[in-house]
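Notes to accompany the following structure.
Derivation of every value follows stated rules applied to the coordinates shown; laboratory data play no part. Keep in mind the model is a prediction, meaning the values are calculated, not measured. Virtual Cβ from ideal backbone geometry, glycine too; neighbours counted across all protein chains shown.
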Amino acid sequence: MVNAIKGCFIECDVPMAQFIVHMNNSLPNAHKFIIHILDDTHLFVQESAVDMIRKRIQDFCDNNTFEKPTA
């Protein structure tokens, strides 16, 4: 018998994949969202976690963006 799990495929660069894996590892076991790490740049995650991943990535990028001083 085949077991099927519904999820989303994420393709990204290596540093972003490591960031997503780190996010997953920092959560308790009941809230982990990675179903399978396919390789260094491809992840299969729970569909319900996609919005949270996008928000955390956007927050990370916003906090790590250089802004030229105005003065």
key: Cα long-axis angle, helix 14-25 against the chain (0 to 90 degrees, to the nearest 10)   = 70
task = Excluding residues fewer than 8 places away in the same chain, name every one of the lysines whose C-alpha is closer than 23 Å to that of residue 6.
result = 32, 55
note = If one compares the long axis through the Cα atoms of helix 50-63 with the longest principal axis of the Cα atoms of the chain, the angle in degrees, nearest 10, works out at 20
inquiry  = Using the Cα centre of the chain as the reference point, and only Cβ charges (+1 on K/R, -1 on D/E), how large is the resulting charge dipole? Debye, rounded to the nearest 20.
reply    = 220
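Restricting to DSSP loop positions (anything but H, G, I, E, B) with no more than 14 other Cβ atoms inside 10 Å of their own Cβ, which chymotrypsin sites (Phe, Trp or Tyr not before Pro) remain in the chain? Walk me through the intermediate numbers first.
Values: sites: 9, 19, 33, 44, 60, 66; in loops: 33, 66.
Answer by residue number: 66.
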